[in-house]
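Got a structure for you, written out below as structure tokens; questions coming shortly.
The values are calculated or read from the model by the stated rules, or taken from the named source; none is laboratory data. Predicted, not measured: the structure shown is a model, and the values here were computed from it. Positions of Cβ are backbone-derived with ideal geometry, glycine not excepted, and every protein chain shown enters the neighbour counts.
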Amino acid sequence: MSESNEEPRLGRAEARGVELAWGEWGDSAALPEKTIVAIHGITANLFSWGALAPDFAAAGYRFIAYDLRGRGDSSKPSTGYNTAIHAEDLLNLLDFFKLPSVNLVGHSLGAVIGLQFAASYPERVRKLVMVDHGMDTPADARQTISSSFSRLTRTFNSRDDHFKFFRESPVYPNWTQEVEQFVAYDGQVQPDGTVKTKVLPEAAEEDLNSQYLPEYLPSGLYSKIKTPTLILRATVGTLDGGRGGFILPEESAHIVNRSIAGSKLVEIPGVNHYTITLDPTPQVAQEIVSFLR
């Protein structure tokens, strides 16, 4: 991980009545081939990329991350959540930045959104990186991500209690500066001093449920992907002491790799589904930068 403490430039993009909050690291004048747009996971926010963004900025990339609708400081419609809608939001974001094409890096749900976008708008994607997802969602997905989902309907007595929830979670073994920033951004202090997550519970539920519908299965998109694709897989599970609870199981990762023409699969030791972006080993950024070059 980079030693850079660069803080992102923050802003908002609006299209069709939906505002997307975004953060930008690196050279804002970089060419499209040196621009990365990053898409976070189902209960995350743009700061899930806070540990990796400085590495890409140091390598000469413009790095843009944003809050999906229903998360962070983006708009939160009461309904309307699936990968096709998220792909339209992403298209609007690229138009806002006047980017004809970019490199897409998506984690978890963000990987599936990136896949959907590359299938729907191939001319706008230079290269695609799918981080620990990209397959039809496993049946035990809810159990695998239960730690993240369990906070969505909770009211915490204070910001300290909100932080304690994350500190005690086994999926975050190290309390780093980047994890703390992600958690701080996740919490919204209420008028009475209590804290709730900025994730709209209905948004996460609708997104998760839609992934089991035939029209949104990632496997139906593989044949449409023509852009070079990198697949990164976390090798530490979130259940059973790291032996279970994979969003992208090993066998499934190889199926995805065989199904997308010209794709490359890299397995990353020492990280789980969450720490692969929030507390990554140096290999994560190295693999992505090498692939983009």
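Tell me, which residue of the stretch 171-191 that is β-branched (Val, Ile, Thr) and part of a loop (DSSP other than H, G, I, E, B) is nearest to THR43 (Cα to Cα)?
VAL171
Please work out if THR79 is buried (at least 24 other Cβ atoms within 10 Å of the Cβ), of a type in the set (Val, Ile, Thr) and part of a loop (DSSP other than H, G, I, E, B). Don't jump to the end; show me each part of the working.
Details: buried (at least 24 other Cβ atoms within 10 Å of the Cβ): no; of a type in the set (Val, Ile, Thr): yes; part of a loop (DSSP other than H, G, I, E, B): yes.
Considered against the rule, which asks whether it is buried (at least 24 other Cβ atoms within 10 Å of the Cβ), of a type in the set (Val, Ile, Thr) and part of a loop (DSSP other than H, G, I, E, B), THR79 comes out as no.
Determine whether ARG151 is of a type in the set (D, E, K, R), buried (at least 19 other Cβ atoms within 10 Å of the Cβ) and within 25 Å of THR194 (Cβ to Cβ).
Taking the combined requirement at face value, the residue satisfies it.
Among the candidates ALA51, ALA87, which residue alone is at pLDDT 95 or above, over 23 Å from PRO218 (Cβ atoms) and under 15 Å from the mean Cα position of the chain (by Cα)? Give the steps one after another, and end with the answer.
Values: ALA87 fails: over 23 Å from PRO218 (Cβ atoms).
Just one listed residue meets the conditions, ALA51.
Okay, next question. Pick out the one residue from VAL131, VAL195, VAL199, VAL179 that is more than 30 Å from GLN116 (Cα to Cα) and among the aliphatic types (A, V, I, L, M).
VAL195
Among residues belonging to the stretch 202-233 that are in contact with a helix residue (DSSP H, G or I) (Cβ under 9 Å, 6 or more places away or on another chain), under 21 Å from THR79 (Cβ atoms) and not aromatic (Phe, Trp, Tyr), point out the one that is surrounded by the fewest Cβ atoms within 10 Å (Cβ to Cβ).
So, considering only residues that are in contact with a helix residue (DSSP H, G or I) (Cβ under 9 Å, 6 or more places away or on another chain), under 21 Å from THR79 (Cβ atoms) and not aromatic (Phe, Trp, Tyr), the one surrounded by the fewest Cβ atoms within 10 Å (Cβ to Cβ) is PRO214.
Could you check how many residues of the stretch 117-143 are under 14 Å from the mean Cα position of the chain (by Cα) and over 19 Å from THR277 (Cβ atoms)?
Going through the stretch 117-143 one residue at a time, the tally reaches 0.
Take the residues in the stretch 72-97 that are of a type outside the set (Ser, Thr, Tyr) and in contact with a Leu (Cβ under 7 Å, 6 or more places away or on another chain), then tell me which one is nearest to GLY114 (Cα to Cα).
So the residue we want is HIS86.
Count, please, the residues in the stretch 151-180 that happen to be β-branched (Val, Ile, Thr) and in contact with a Pro (Cβ under 7 Å, 6 or more places away or on another chain). Reasoning before the result, please.
Applying the first criterion (β-branched (Val, Ile, Thr)) to the stretch 151-180 yields 153, 155, 171, 176, 179.
From what is left, the residues that are in contact with a Pro (Cβ under 7 Å, 6 or more places away or on another chain) are 153.
Looking only at that region, the number is 1.
Among the residues of the stretch 54-76, is there at least one that is among the polar types (S, T, N, Q), in contact with a strand residue (DSSP E or B) (Cβ under 8 Å, 6 or more places away or on another chain) and part of a helix (DSSP H, G or I)?
The answer is no, given that none of the residues of the stretch 54-76 is among the polar types (S, T, N, Q), in contact with a strand residue (DSSP E or B) (Cβ under 8 Å, 6 or more places away or on another chain) and part of a helix (DSSP H, G or I).
Taking the stretch 234-293, which residues are touching a helix residue (DSSP H, G or I) at 6+ places or on another chain (Cβ under 9 Å) and among the aromatic types (Phe, Trp, Tyr)?
Matches in the stretch 234-293: PHE246, TYR274.
If the Cβ limit is 6 Å and pairs must be 6+ apart or interchain, which residue in the stretch 163-179 that is in contact (Cβ under 8 Å) with a residue 40 or more places away in the chain and closer than 17 Å to GLY241 by Cα pairs with which residue that is acidic (Asp, Glu) and outside any helix (DSSP H, G or I)?
If the second residue must be acidic (Asp, Glu) and outside any helix (DSSP H, G or I), the pairs left are ASN174/ASP279.
Can I ask one more? For the stretch 168-195, which residues satisfy the criterion of being at pLDDT below 95 and of a type in the set (D, E, K, R)?
Within the stretch 168-195, just GLU168 meets the criteria.
Among ILE42, ILE36, which is the only one that is more than 19 Å from ASN92 (Cα to Cα) and buried (at least 24 other Cβ atoms within 10 Å of the Cβ)?
ILE42
Select from the stretch 180-201 the residues that are out of contact with any Lys or Arg (no Cβ under 9 Å at 6 or more places or on another chain) and of a type in the set (D, E, K, R) and write down the one among them that is nearest to SER78 (Cα to Cα).
Restricting to residues being out of contact with any Lys or Arg (no Cβ under 9 Å at 6 or more places or on another chain) and of a type in the set (D, E, K, R), the top hit is ASP192.
Take the residues of the stretch 183-222 that are without any contact (Cβ under 8 Å) to a residue 40 or more places away in the chain and touching a strand residue (DSSP E or B) at 6+ places or on another chain (Cβ under 9 Å): which is farthest from ARG71 (Cα to Cα)?
Within the stretch 183-222, the match that is farthest from ARG71 (Cα to Cα) is THR194.
Tell me the residue from ARG62, ARG9, ARG71 that is crowded, with 24+ Cβ neighbours inside 10 Å, among the basic types (Lys, Arg) and modelled with pLDDT of 95 or more, please.
Numbers: ARG62 fails: crowded, with 24+ Cβ neighbours inside 10 Å; ARG9 fails: crowded, with 24+ Cβ neighbours inside 10 Å.
Of ARG62, ARG9, ARG71, the one residue that is crowded, with 24+ Cβ neighbours inside 10 Å, among the basic types (Lys, Arg) and modelled with pLDDT of 95 or more is ARG71.
To continue, here is another question. Scanning the stretch 250-293 for residues that are in a loop (DSSP other than H, G, I, E, B) and more than 18 Å from the chain's Cα centre (by Cα), which turns out farthest from HIS133 (Cα to Cα)?
Step by step, filter the stretch 250-293, then rank; the result is ARG293.
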